[in-house]
Amino acid sequence: MPSADHPDHVRYNFEYERRLRACFIGAGGHSFRNVYPTFRYAPIDLVAVCDTTAERAASYAHLFGGERHYTDHREMLERERPDAVFIVTSYHPDGRVQATDLAMDALAAGAHVWSEKPIAASVAEVDSLTDASARAGRFVMVGLKKQFFPTITKVKEIIESPAFGRASSVYLRYPQDMAPPAERADLLRSRWLLDHIYHPGAIIHYLMGPIERLTYEWEGWNGGSVASLRFASGAVGTFHMAAGASGSSPLERLEVVGEGANVVVENGVRLTYYRKATRPAYGRGASFIIADETAPLVWEPEFSLGQLYNNNMFLLGYAPEVLHFAEAVLSGRPPTKGTLADCRAIMQLYEAYVRTPAGTPVAIQPTDQ
Ligand SMILES: NC(=O)c1ccc[n+]([C@@H]2O[C@H](COP(=O)([O-])OP(=O)(O)OC[C@H]3O[C@@H](n4cnc5c(N)ncnc54)[C@H](O)[C@@H]3O)[C@@H](O)[C@H]2O)c1
């Protein structure tokens, strides 16, 4: 079976012998663009679609091959008895995440759950889902797509290789604002912080492991911030929420420094690995061209051929994350990425920002993996 992390030979849906019977809750914009289409590359049979708006549920079922549609997810779960449920919904009027209760219902109906992020709005809610998942004996996986970017997967491989040395520091830039401190605990004011922190949070946790201490500073013009992080591993880092950046700018920049080596990802798709190398002699070296054996390695996709690897479904991790989930369910082995433990660590980060004033160090209790 091709690995979801290295899909060098992706199978098309109809080429699988065994497929999951899946239901889908939510027929909105993101799922239309980025989640339903991934089923073309995973062992998934879409049997039914549910949306509170009947016309959308019917249209999505028609378009993506679902046999039936519903407006009540409980009725769908009861009648269809699916192996797995995909949930891509939104927020309640009070700012809570709709997927939290829907995932509980799906687990109670005996289905494995794949949910888009965010799956919850607090550490306590993630813990309830973890308990419910264990009670039901069913997996919950969350769409932490960044953990499936080919570039981020490769960074993980590089920083864990002996040649890189220990990952000693990290810098991550992501344009996100935070509400003023007095308003931040209000879920409605922190909607986009909650919605987006899963993206940089997923990268930081995946690459560097648990954060044990955090301090941040906040500016009031754009709501941007810079945090200083210390990881349980002993490494340090900076998380720069670059609110105020131009809408024409790439969103992300990532750099991890090892011991004599570093790796950079620009814009999610351009990866440069500066391997351990000696700098040309100071004041004497006439050329910056260093030996081929230690020269930097650069990867970026070509955009000429109609390939899978240059399609956003793969570049942005959507198809690999769905494949990872389907493989986990079919093999009976829990997902190793997009886990509830990852989400718990991300919610700890969120709560640290929401509950702690700028300039005050906050200790974070590591989550057992
Ligand atoms: N990973 C990513 O790249 C990415 C990008 C965009 C959005 N998202 C996430 O995707 C989710 C959806 O975003 P969106 O912009 O598509 O939202 P949306 O509002 O367009 O879609 C949500 C849909 O869920 C339906 N819904 C809500 N409650 C329901 C219920 N109980 N039963 C059935 N249907 C229900 C709504 O009717 C709506 O059609 C959000 O969690 C967002 O954070 C992720």
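The values are calculated or read from the model by the stated rules, or taken from the named source; none is laboratory data. These figures come from a predicted structure and were not determined experimentally. Neighbour counts are summed over all protein chains in view; Cβ atoms, including those assigned to glycine, are modelled from backbone coordinates with ideal geometry. The accessibility values were calculated without ligands, DNA or RNA, using every heavy atom of the protein model including side chains. Shrake-Rupley method; radii C 1.70, N 1.55, O 1.52, S 1.80 Å.
General observations
- About its Cα centre, segment 233-369 has a charge dipole of approximately 300 debye under the convention of +1 per Lys or Arg Cβ and -1 per Asp or Glu Cβ, with nothing else charged.
- 25 °C / 0.890 mPa s Stokes-Einstein diffusion coefficient of the chain, Kirkwood radius on C-alpha pairs, µm²/s: 113 µm²/s
- Segment 228-267: GluC sites (Glu not before Pro) falling in loop per DSSP and having at most 15 other Cβ within 10 Å: Glu259
- The phi torsions of segment 16-33, fed into the Karplus equation with coefficients 6.51, -1.76 and 1.60 and a -60° offset, translate into couplings of 7, 7, 10, 10, 7, 7, 10, 10, 10, 9, x, 10, x, x, 5, 5, 4, 6 Hz, rounded to whole numbers, with Gly and Pro shown as x.
- Per residue value of the accessible surface for the chain (all protein chains in place, 1.4 Å probe), Å²: 47 Å²
- Here the Debye sum runs over all C-alpha atoms of segment 195-260 as equal scatterers in vacuum, and log10 of I(q)/I(0) at q = 0.12, 0.16, 0.19 Å⁻¹ comes out as -0.35, -0.61, -0.84.
- Expressed as a fraction of 2.2 N^0.38 Å, the C-alpha radius of gyration for segment 241-328 is 1.48.
- Computed on the Cα trace of segment 151-233, the radius of gyration divided by the Kirkwood hydrodynamic radius gives Rg/Rh = 1.03.
- Whole-Å semi-axes of the ellipsoid equivalent to segment 308-359 (Cα gyration tensor, √5λ, descending): 30, 18, 5
- Among 197-209, 46-58, the order from most to least packed when residues are scored by Cβ within 10 Å on average: 197-209, 46-58
- Long-range amide H partners of Arg213 with built H, under 5 Å: Arg230, Ile364
- Annotation: average projected area of segment 61-161 is 8.8 square nanometres, based on the convex hull of Cα atoms across all directions.
- Relative to the 2.2 N^0.38 Å rule of thumb, segment 223-369 has a C-alpha radius of gyration ratio of 1.37.
- About the centre of its Cα atoms, the chain shows a dipole size close to 560 debye [charges on the beta carbon of Lys, Arg (+1) and Asp, Glu (-1) only; nearest 20 debye].
- Nearest-20 debye value, segment 86-141 charge dipole, Cβ charges on Lys, Arg, Asp, Glu: 160 debye
- Counting only residues at least eight positions apart within a chain, or on another chain, the lysines with an alpha carbon under 19 Å from that of Lys156 are Lys145, Lys146, Lys276, Lys337.
- In sequence order, calculated HN-Hα J values of segment 253-262 (Karplus, 6.51, -1.76, 1.60; Hz; x Gly/Pro): 9, 10, 9, 10, 10, x, 10, x, 8, 8
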